[in-house]
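The values are calculated or read from the model by the stated rules, or taken from the named source; none is laboratory data. Note that the structure is a prediction, hence the values are computed from the model and not measured. For neighbour counting, all protein chains shown are included, and Cβ atoms are generated from backbone atoms with ideal geometry for every residue, glycine included.
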Amino acid sequence: MDKSRVIAITGGSTGIGRACVLMFLKRDYNVSFGDINDEEASSLLEECHKLGFDSSRVMFSHVNTTCREEIARWAEATAQHFGHIDAVFANAGIHRSNTMLNIDPAELELMINTNIYGTVWTLQELVPYLQKNGSGSVVINCSDQFFIGKGNNFAYGLTKGALGQITRSLAVDLAKDNIRVNAVCPGTIRTPLADKALGRWADKAGITLEQAWAEEDALFTMGRCGTADEVATMVYFLVNDATFSTGSHFLTDGGLVCRWPWARSSVPLWYRMPLPLTCTLCPVTCMLCKVWSRAPDSVCQWFMPYRAAGQSALLTSPAFGHTFRLQWKTAPWGAVFHWGDADAVPWM
Ligand SMILES: NC(=O)c1ccc[n+]([C@@H]2O[C@H](COP(=O)([O-])OP(=O)(O)OC[C@H]3O[C@@H](n4cnc5c(N)ncnc54)[C@H](O)[C@@H]3O)[C@@H](O)[C@H]2O)c1
């Protein structure tokens, strides 16, 4: 019987799950993944085979995590195929945009069933195999929304908050079985899930998806969203290397949560319209500082001389009597500014 370590991954067909399937295979794990997306699963299996991983190393089962019986069948098939199961990545999840006041009851039920019950049933069916082994590791895909609230994210935040708490209680219950339980908490990661969420927002705001991504990137301390591979690296670390960590929540969020406030919350819609602005450093009242693409960056050649000095400038808009603070970002084509409400953005 093959003694390689075995991980079971839910939602492995696309996004973070897919990146994990590939990373664990490349790092000598055998992988069983379950998903409802058979088409993407086939394309992933094809990719695995091209990389030299055949069915002795990777298996797929159609599993809807909202159906406990399907998970039970998959768990049994995995244990039979590989002989044992060492680790679980409970990753399958969905996102919908809503508030507590406007959510449709059916949507709330779908979110709770998929993200909470789906995870609970996954773990109820798979953890006994880890217990049989005498050791193991569980990673739950939580979110930065375990730490913070985001607008229009009521049900998603609710479910991710629950998963963060499940991580703690399960860690306590499973410590006696030598099983560690941790949560990975990603910020925005460019996957099909995030494309859909940002797409909904872009449609509402009348901008393109790429413009929405540029705004999302600007929220992050590191100036960009993350990749599925970067989350997979954290998941691998938690499963394989973090031998003294259990019941903890590991952010992989490009510094989003450590920073307050975020650019988007300080830039109301009307700020993003072209406005005549007067600068304390430059006597010109002009339209050159207009925000292009509604991103929180603007371009103005008048401020070129100040860029070298690394100065920031206070701008007042006569139209609204409001004060902004601009700060340089170097760019090959000229002066580019980060800007925000001078009162609300103390770090600028
Ligand atoms: N992308 C992000 O910005 C982000 C941030 C934080 C957390 N997450 C979490 O990461 C996890 C993976 O999301 P992703 O971004 O890779 O999105 P994704 O849509 O690419 O991947 C989710 C996968 O889960 C599968 N899935 C959905 N419902 C399922 C069900 N009922 N049963 C089985 N499989 C199901 C989908 O088919 C898909 O393959 C989710 O739990 C999500 O909440 C994502």
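If we scan the stretch 21-30, do we find a residue that is in contact with a helix residue (DSSP H, G or I) (Cβ under 6 Å, 6 or more places away or on another chain) and within 10 Å of the ligand (Cβ to nearest atom)? No - not one qualifying residue is present in the stretch 21-30. Scan the stretch 107-129 for residues that are surrounded by fewer than 18 Cβ atoms within 10 Å (Cβ to Cβ), under 17 Å from Val139 (Cβ atoms) and either outside the structural domain of Glu69 (by TED's automatic domain parsing) or among the aliphatic types (A, V, I, L, M) (or both) and the total you get is 1. Scanning the stretch 185-204 for residues that are more than 8 Å from the ligand (Cβ to nearest atom), in contact (Cβ under 8 Å) with a residue 24 or more places away in the chain and not basic (Lys, Arg) returns a single hit, Trp201. Restricting the search to the stretch 222-278, which residues are modelled with pLDDT of 95 or more, buried (at least 18 other Cβ atoms within 10 Å of the Cβ) and hydroxyl-bearing (Ser, Thr, Tyr)? Answer for the stretch 222-278, where residues must be modelled with pLDDT of 95 or more, buried (at least 18 other Cβ atoms within 10 Å of the Cβ) and hydroxyl-bearing (Ser, Thr, Tyr): Tyr236, Thr246, Thr252. Within the stretch 1-43, the residues that satisfy the criterion of being in a helix (DSSP H, G or I), of a type in the set (A, V, I, L, M) and over 20 Å from the mean Cα position of the chain (by Cα) are Leu25, Ala41.
Asn102 is checked against (1) buried (at least 22 other Cβ atoms within 10 Å of the Cβ); (2) free of Cβ contacts under 8 Å to residues at least 40 places away in the same chain; (3) more than 13 Å from the ligand (Cβ to nearest atom) and fails just one. What number does that condition carry? Failing condition for Asn102: (1). Within the bounds of the stretch 53-67, is there any residue that is assigned to a helix (DSSP H, G or I) and at pLDDT 95 or above? Taking every residue of the stretch 53-67 in turn, none turns out to be assigned to a helix (DSSP H, G or I) and at pLDDT 95 or above. Once the stretch 1-20 is narrowed to residues that are within 22 Å of Val120 (Cβ to Cβ) and of a type in the set (A, V, I, L, M), the residue that is nearest to the ligand (Cβ to nearest atom) is Ile16. For the stretch 9-40, the set of residues classified as over 17 Å from Tyr236 (Cα atoms), surrounded by 22 or more Cβ atoms within 10 Å (Cβ to Cβ) and in contact with a Ser or Thr (Cβ under 6 Å, 6 or more places away or on another chain) consists of Gly34, Asp35, listed by residue number.
When Gly164 is tested against the conditions (1) within 30 Å of Arg259 (Cα to Cα); (2) in contact with a helix residue (DSSP H, G or I) (Cβ under 8 Å, 6 or more places away or on another chain); (3) in a helix (DSSP H, G or I); (4) more than 13 Å from the ligand (Cβ to nearest atom), the lone failure is (4).
If you go through the stretch 68-99 and keep only what is of a type in the set (Ser, Thr, Tyr), surrounded by 13 or more Cβ atoms within 10 Å (Cβ to Cβ) and either out of contact with any strand residue (DSSP E or B) (no Cβ under 8 Å at 6 or more places or on another chain) or modelled with pLDDT under 95 (or both), you end up with just Ser97. Scanning the stretch 220-255 for residues that are closer than 16 Å to Phe89 by Cα, of a type in the set (D, E, K, R) and either part of a loop (DSSP other than H, G, I, E, B) or within 14 Å of the chain's Cα centre (by Cα) (or both) turns up Asp229, Glu230.
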